[in-house]
Amino acid sequence: SIVANLAASDREWTYGHVVVDEAQELTAMDWRMLIRRCPSRSFTIVGDVAQTSALGGTHHWQKNMSS
């Protein structure tokens, strides 16, 4: 989409709200990137840490939410 292309090409682009599905798969670096792209920290986060399969994935929500 046009919006996705603009966001990909502009390092300063930010979002007002981000929906994250399968959030348990995100690494600490992924979370930092999302927080930079959504400075309002307005997120809808869906995930189950009991289903984490990624090596660097989330195992504790509090650890990632306090960044």
State the number of residues belonging to the stretch 7-53 that are of a type in the set (A, V, I, L, M, F, W, C), out of contact with any Ser or Thr (no Cβ under 9 Å at 6 or more places or on another chain), loosely packed, with under 14 Cβ neighbours inside 10 Å and within 19 Å of Lys63 (Cα to Cα).
4
Boolean, Asp21 is acidic (Asp, Glu) and modelled with pLDDT under 85:
no
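The values are calculated or read from the model by the stated rules, or taken from the named source; none is laboratory data. Owing to the predicted nature of the structure, the values given are computational and were not obtained by experimental measurement. Cβ: placed from backbone, ideal geometry, glycine included. Neighbour counts: every protein chain shown.
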